[in-house]
Amino acid sequence: MGRKKRPVKILISSNVPDDLEPITDWLLAENYCVSHVDLLKAIARVREFKSDLIILNIPGAKNVDDLVKKLLEKSHSAKIPVLLVVDRSNLNDQISAIEQGFDDCLLKPFAKPEFLSRIRLHIALRRKDEDLKMVKEAGEAAARAKTLLLANMSHEIRTPMNGIVGMVDILKETRLTKRQREYLDIIDLSGENLLMIINDILDFSKIEAGQISFEPIRFNLRNEVNEVVKLLKYKAEQKMLRFGVEFDSKVSEWVIGDPLRLKQVLINLCNNAIKFTQSGSVRVLVKLSKKTHGVEVVKFEVIDTGIGISPENQRKLFKTFSQVDASISRKYGGTGLGLAICKRLVKLMNGRISVESAEGLGSRFYFTTSFEIALSDSKLEKDLVSARELMPQKVLKILLAEDNIINQKVAAIGLKKLGHEVVLAINGLNAFEKFKHNTFDVVLMDIHMPEMDGVEATRLIREYEKTKNSNHRVPIIAMTANNLKSDKEKFILAGMNDYLGKPFNLTDLVRVLNRVLSE
Ligand code: ADP
């Protein structure tokens, strides 16, 4: 690596400094920078990456055990070697030093060539580690830059392609000779194929660059799945395949999730199933896998009676650019990216995707994803009407602390429909900060949040109100899926006024709001 060698820094921490008389001179003569520090300082320097190697000399000092442990822990995570000075004659001490986690022992009385060669060895290992880390980081940065470039160029690439494909369509409507029409058909087909490949590559790089977000909305699951079938029906009909959906009646029709991403996965799997099936059927099954606290885990299956995939090739699926067989890709086309994209999208929806297949018999691709159960259109309308009737006329400014974006949307959309102003916070700490800088009529506080939970945030808010010397306590309502009595008592003790069990509808929410506001 064309890097200039920086001076090597060695820390020596000893509670018997005289013991180490000759070694400082030896190290200085080798051009190492040497500092003598106590244990606490050694730990601090590890944290600040201010050393390359640490020599410890602590004969019989039991009271420093904890500090030594801390030093070892920190230096291991920073990959800084720690060598312990041990009596040459005491083999047990040498063994126990290594067992404790020291990287090596320095044997006393010291022998200069042996001592220096051990130090050189550990410094060389550390340098190798650093070099490896740099190479790895450079590689990762380059890969990130590449995906980012592609992801950011997506608009620039898609726009002219859409222009080409679109203009070909318009040109086809004009008066053309037979030969011109043939040429145009080829341009049309190639354009469509190219656009499909570009879309796959761009989608994939967007996911890799973390630019594809999950956009949860309330939607009708049955309708969206049916739409996929409608979209691909003509392809199945061209091949005389039976193609349809079986929707388990236990699965809720109205759910909250990202229908676009769900459809993208289903379209991909159905497209493949139709592509690789010559006769028979392609069936889409939608089944209920689990249901708890207003959340449903739904299993989607796409089953075909096509060519199937060998066990060896099944292992290659879901990997980037993997087409299981070059002859297949020549025959059927495609980028080998479809399933890799599906895998990532399903992961984005907190699910898993898998396959079972037998050559010559067919394949069954399946994945799960979880949805929050939503109210149906008519129930939602009823809920809104009864919530409006119950609601006081006053417009409230509400702080909504909730880390789950689905729950956030459900509560925020409902409250906004009732005409209230909603400020969002994504965790307890964020809620506390927003509380300090605004005046709210009421706080809705989720209990389980990252960084700081709702109970802790409530305590902070109540303390803050005390320091402001105000008698006014803004009502705080806990939102929790835990309906245990002991938990509820804990929330009240922490300073909350009331609680709302999840899942709740708008009417439930308004009832609790009324209760706390009239207190
Ligand atoms: P592509 O976009 O090229 O179709 P995919 O990742 O979707 O890439 O699929 C990769 C490969 O997996 C396909 O080329 C095909 O060989 C195999 N494959 C996928 N689905 C099926 C299926 N239903 N039946 C048989 N083979 C399949």
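Of all residues in the range 291-314, those that are near the ligand (Cβ under 8 Å from one of its atoms) and open to solvent by 10 Å² or more (accessible area, probe 1.4 Å) total 5. The one condition from (1) within 30 Å of the chain's Cα centre (by Cα); (2) more than 23 Å from LYS287 (Cα to Cα); (3) of a type in the set (Ser, Thr, Tyr) that TYR366 does not meet is (2). Would the range 497-513 turn up any residue that is farther than 30 Å from LEU375 by Cα, open to solvent by less than 90 Å² (accessible area, probe 1.4 Å) and either modelled with pLDDT under 85 or in contact with a strand residue (DSSP E or B) (Cβ under 6 Å, 6 or more places away or on another chain) (or both)? No, every residue in the range 497-513 fails to be farther than 30 Å from LEU375 by Cα, open to solvent by less than 90 Å² (accessible area, probe 1.4 Å) and either modelled with pLDDT under 85 or in contact with a strand residue (DSSP E or B) (Cβ under 6 Å, 6 or more places away or on another chain) (or both).
Which of the residues that make up the range 191-214 are under 28 Å from GLY163 (Cα atoms), not polar (S, T, N, Q) and not in a helix (DSSP H, G or I)? If you could, list the steps in order and put the result at the bottom.
Let us first name the residues in the range 191-214 that are under 28 Å from GLY163 (Cα atoms), namely 191-213.
Narrowing the set further to residues that are not polar (S, T, N, Q) leaves 191-192, 194-198, 200-204, 206-210, 212.
Residues satisfying the conditions are ALA209, GLY210, ILE212.
With respect to ASP441, is the statement that it is more than 29 Å from LEU380 (Cα to Cα), surrounded by 12 or more Cβ atoms within 10 Å (Cβ to Cβ), touching a residue at least 24 places away in the same chain (Cβ under 8 Å) and among the acidic types (Asp, Glu) true? So ASP441 fails the test. Does any residue of the range 417-427 turn out to be in contact (Cβ under 8 Å) with a residue 40 or more places away in the chain and either among the aliphatic types (A, V, I, L, M) or farther than 27 Å from ARG388 by Cα (or both)? Checking the range 417-427: at least one residue is in contact (Cβ under 8 Å) with a residue 40 or more places away in the chain and either among the aliphatic types (A, V, I, L, M) or farther than 27 Å from ARG388 by Cα (or both).
A single entry from GLU224, GLU182 fulfils the requirement of being open to solvent by 80 Å² or more (accessible area, probe 1.4 Å) and in a helix (DSSP H, G or I): GLU182.
Here LYS502 does not fit the description of being basic (Lys, Arg) and free of Cβ contacts under 8 Å to residues at least 24 places away in the same chain. Evaluation of GLY351 against the conditions (1) modelled with pLDDT under 95; (2) surrounded by fewer than 19 Cβ atoms within 10 Å (Cβ to Cβ); (3) more than 9 Å from the ligand (Cβ to nearest atom) shows that the sole unmet condition is (2).
State all residues of the range 185-204 that are of a type in the set (Gly, Ala, Ser) and surrounded by 15 or more Cβ atoms within 10 Å (Cβ to Cβ); if no residue qualifies, say none. I'd like the intermediate steps shown before the answer.
If we filter the range 185-204 for residues that are of a type in the set (Gly, Ala, Ser), which is where we start, we get 190-191.
Within the range 185-204, just GLY191 meets the criteria.
Based on this model, can you work out whether ILE207 counts as more than 27 Å from the chain's Cα centre (by Cα), among the β-branched types (Val, Ile, Thr) and surrounded by 11 or more Cβ atoms within 10 Å (Cβ to Cβ)?
no
Among the conditions (1) within 16 Å of the ligand (Cβ to nearest atom); (2) surrounded by fewer than 18 Cβ atoms within 10 Å (Cβ to Cβ); (3) outside any loop (DSSP other than H, G, I, E, B), GLY360 misses just one, which is (3).
Residues in the range 315-324 that are near the ligand (Cβ under 6 Å from one of its atoms) and either open to solvent by 40 Å² or more (accessible area, probe 1.4 Å) or at pLDDT 75 or above (or both): 2 in all. Being in contact with a Phe, Trp or Tyr (Cβ under 8 Å, 6 or more places away or on another chain) and outside the structural domain of HIS293 (by TED's automatic domain parsing) is the requirement here; does MET496 meet it? No: the conditions fail for MET496.
From PHE367, PHE371, PHE432, which residue is open to solvent by less than 30 Å² (accessible area, probe 1.4 Å) and either within 16 Å of the ligand (Cβ to nearest atom) or at positive phi (or both)? If you could, list the steps in order and put the result at the bottom.
On the way: PHE371 fails: either within 16 Å of the ligand (Cβ to nearest atom) or at positive phi (or both); PHE432 fails: either within 16 Å of the ligand (Cβ to nearest atom) or at positive phi (or both).
Being open to solvent by less than 30 Å² (accessible area, probe 1.4 Å) and either within 16 Å of the ligand (Cβ to nearest atom) or at positive phi (or both) holds for just one of PHE367, PHE371, PHE432, which is PHE367.
Scanning the range 292-311 for residues that are touching a residue at least 12 places away in the same chain (Cβ under 8 Å) and in a strand (DSSP E or B) yields VAL295, GLU296, VAL297, VAL298, LYS299, PHE300, GLU301, VAL302, ILE303, ASP304.
Among the residues of the range 151-179, write down those that are of a type in the set (A, V, I, L, M, F, W, C), open to solvent by less than 70 Å² (accessible area, probe 1.4 Å) and at pLDDT 85 or above. Scanning the range 151-179 gives VAL168, LEU176. Selection of the range 262-288 for residues being assigned to a strand (DSSP E or B) and either within 12 Å of the ligand (Cβ to nearest atom) or within 19 Å of GLU224 (Cα to Cα) (or both) yields VAL282, ARG283, VAL284, LEU285, VAL286, LYS287, LEU288. Residues considered: LEU288, LEU231, LEU260. Of these, the only one that is within 22 Å of the chain's Cα centre (by Cα), of a type outside the set (D, E, K, R), open to solvent by 40 Å² or more (accessible area, probe 1.4 Å) and in the same structural domain as LEU339 (by TED's automatic domain parsing) is LEU260.
Checking every residue in the range 455-463 against the condition of being modelled with pLDDT of 90 or more, open to solvent by less than 30 Å² (accessible area, probe 1.4 Å), under 23 Å from ILE406 (Cα atoms) and touching a helix residue (DSSP H, G or I) at 6+ places or on another chain (Cβ under 7 Å) gives at least one match.
The values are calculated or read from the model by the stated rules, or taken from the named source; none is laboratory data. Worth saying up front: this structure is predicted, and the values here are computed from it rather than measured. Using ideal geometry, Cβ is built from the backbone for each residue, glycine included, and neighbour counts are taken over all protein chains shown. For the accessible areas, the whole protein counts, side chains as well, though only heavy atoms, and no ligand, DNA or RNA atoms are used. Shrake-Rupley method; radii C 1.70, N 1.55, O 1.52, S 1.80 Å.
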